[in-house]
1. Count charges around Ser62 for me, please; just the other residues with Cβ under 11 Å from its Cβ, Lys/Arg as +1, Asp/Glu as -1.
2. Which peptide among 61-70, 115-124 comes first, and what is the full order, when sorted by highest mean count of other Cβ atoms within 10 Å?
3. Can you tally the net charge around Tyr183? Count Lys and Arg as +1, Asp and Glu as -1, for every other residue whose Cβ sits under 11 Å from the Cβ of Tyr183.
4. Roughly speaking, what is the stretch gain from Gln90 to Lys193, that is 0.36 nm per residue apart minus the C-alpha to C-alpha distance, in nm to one decimal?
5. Net charge near Gly251, counting Lys/Arg +1 and Asp/Glu -1 over other residues with Cβ under 13 Å of its Cβ?
Amino acid sequence: MSHLQKAGSAAALLFVAGVAAACGGSSSAGSTNPLQPKLEKAIAATASTPAAEASLNETVTSGGTTSMALTAKAGFSGTGKQYVNNVALQATAPVKQSLQLSVAGSILYVTVPPSLQALVPSGIHYVSVSFPQMLTTLEQSGNAGEIAAGMASQPASILSMLKLGKLSSVAQASGAPSGTKAYSALLALPTGKAGAGLAALGIPPFKTAHVSVWVGSDGLLSRVSINAALPAASGSQKESLNVTAVYSGFGNTSQFVTIPSSQVLPESPSMLASVLGGALG
């Protein structure tokens, strides 16, 4: 598969976790560790906050070498059934392009790059597609770059992952700023029938991951770091995923925008693929 195909496929996963991530279930941890309920309470409170901003950095490492690096800035809402997210995604490897995305409810809007503007009708600035049309293809994907891109674009999927998974070995950690409590834990995701829908949420297919969580004086998560080994495809080197998400701006809805319907080319998966490929090189 070419870098163009991989990049386009990776970008496709960018919208998977949106709707369901904000509605993640309660943790199945059930530990007697006294730190456990405090951490779970902070996770639940952050996931249900009216609005927040997130800055994410991710790397995928294969055979000890970075194969993809992503940064993203996004705003998200964790209340109700509507999920709205504006993303500025910058891939530093294997391509060096940025991608502008917006998500509202179950629809992804991708800004048409200048290089492809001539291919769409006058006045059209976005291509849209609904999530269900793409889920089957995305669930079959095992590309680490797609996983990283999906998480980078959906900061709420990280919160959903922490809520759906089982946290164990929770311990107080050091290194956090004054007034911030730091926790370290082992995160295990459900398997079998219980974990069958995780791929559709943009949650990586790993069994366990090491996580570090900072909780601010307001009781909300201010930072989450995840390190996980990813299943290696046949004949491929082992890959690892490293994610750091920094949360701030709670209650700020200024990052959300309304997409005018007159500027949207709707329900066009083939055009979406062309736009994604053109945007990412």
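1. Details: positive: Lys238; negative: Glu239.
It works out to a net charge of 0.
2. 61-70, 115-124
3. On the way: positive: Lys38, Lys181, Arg223; negative: Glu40.
Summing Lys/Arg as +1 and Asp/Glu as -1 gives +2.
4. Values: separation 103, 0.36 × 103 = 37.08 nm, distance 3.48 nm.
Result: 33.6 nm gained on full extension.
5. Every neighbour counted, the sum reads -2.
Values in this text are rule-based calculations from the coordinates and carry no lab data. No experiment lies behind these values; they were computed from the predicted model shown. Cβ: placed from backbone, ideal geometry, glycine included. Neighbour counts: every protein chain shown.
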